[in-house]
1. Report the GluC sites (Glu not before Pro) located in the stretch 125-178 that are in a DSSP loop and have at most 10 other Cβ atoms inside 10 Å of their Cβ, or state none.
2. Could you tally up the Lys pairs in the stretch 92-218 with alpha carbons closer than 25 Å? Skip any pair fewer than 8 positions apart unless they're on separate chains.
3. I'd like the trypsin sites (Lys or Arg not before Pro) in the stretch 105-163 restricted to DSSP loop residues with at most 16 other Cβ atoms within 10 Å, sorted by number.
4. Could you work out the helix-only [θ] at 222 nm for the chain, with each DSSP H run of four or more residues adding -39,500 (n - 2.57) and the total divided by the number of residues, to the nearest 500 deg cm²/dmol?
5. Once you order the gyration tensor axes a ≥ b ≥ c over the Cα atoms, which shape class does the stretch 113-177 get: rounded for a/c under 1.5, otherwise prolate or oblate by comparing a/b with b/c?
6. Taking 37 °C and 0.692 mPa s as the conditions, I'd like the Stokes-Einstein D for the chain in µm²/s, using the Kirkwood hydrodynamic radius from alpha carbon pairs.
7. Put a dot 7 Å past each Cα toward the Cβ at T59 and N75; how far apart are the dots in nm?
8. Summing Lys, Arg as +1 and Asp, Glu as -1, what charge do residues with Cβ under 14 Å from the Cβ of S212 carry, S212 excluded?
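Read-outs: derived from the displayed coordinates by stated rules, not from any lab. What you see is a predicted model, and the numbers here were worked out from it, not measured in a lab. When we count neighbours, we look across all protein chains shown, and the Cβ atoms used for this are built from the backbone with ideal geometry, even at glycine.
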Amino acid sequence: MNYSSCNSTTSVAAPPRRGALIVIEGCDRTGKTTQAMKLVEYLNGSDRKAIFMRFPDRTTPIGCLIDSYLSRGVNLEDQVIHLLFSANRWESHPKIISTLKSGASVIIDRYAFSGVAFSAAKESLGLQWCKGSDAGLPKPDVVLFLDLPLEQAATRGEYGSERYEELKFQQRVYKNYMALRDDTWKMIDASKSIEEVQRSMEAEVERVMKESKFGPLPGLWWS
Ligand code: DGP
């Protein structure tokens, strides 16, 4: 038998290391979208491909319904809107996975933590029940929580224009977020200048990219 082909020096390129899944969370008007976009620019500018995503994604048919609910155009049962927000994230599940597998990172402005923190703030829905519909989405490598006194957030432009922007409600949302924290969460002081917040976030992302083993992504809230 001829084994010569087994000794061939032809090398097969290793698949790229998967990208990082980075989630930005926080109560309303804490600067999440601005900071998420800056983080994408920062990574792309240093030769590490990254894409921006946000939830709710108001561009899909489900997202249009969510938009209408948030602007008080339609009323929906608490359970129904909760499941629509969740379905809106599952719609993007294939894109999140394929992007990470390609080696690019995904920076997401709000994720399942918003889903639970906001829905459970209605008190008609329990925290555990709210987790159910998002369980199994990929668990982020890091959650950067933009922490800003709620009274300060309430002074920011157009606060109050959407359904949940009300101080008492946001206090319950904040409490729920704190109940969801684990060791992947990093609190970022969002009362600082845009540039200072940006630098803190970049430092956290650099640390995660260095330390993370980037093995297979476990499912969120499984176990
Ligand atoms: P944004 O587009 O990031 O400003 O979010 C719109 C509003 O929707 C904001 O008040 C937070 C809320 N929200 C985001 N995700 C969810 C979710 O999954 N469930 C519920 N109930 N509310 C959410």
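1. Taking the stretch 125-178 and a limit of 10 other Cβ atoms within 10 Å, the loop GluC sites (Glu not before Pro) found are E158.
2. Pairs that pass both the separation and distance tests number 26.
3. In loop regions of the stretch 105-163 (DSSP not H, G, I, E or B), the sparsely surrounded trypsin sites (Lys or Arg not before Pro) are K122, R156, R163.
4. When only DSSP H runs of four or more count, the value is -13500 deg cm²/dmol.
5. Because a/c hits 1.5 or more and a/b fails to exceed b/c, the stretch 113-177 counts as oblate.
6. Result for D is 175 µm²/s.
7. Going by the 7 Å Cα→Cβ label model, 3.3 nm.
8. +3
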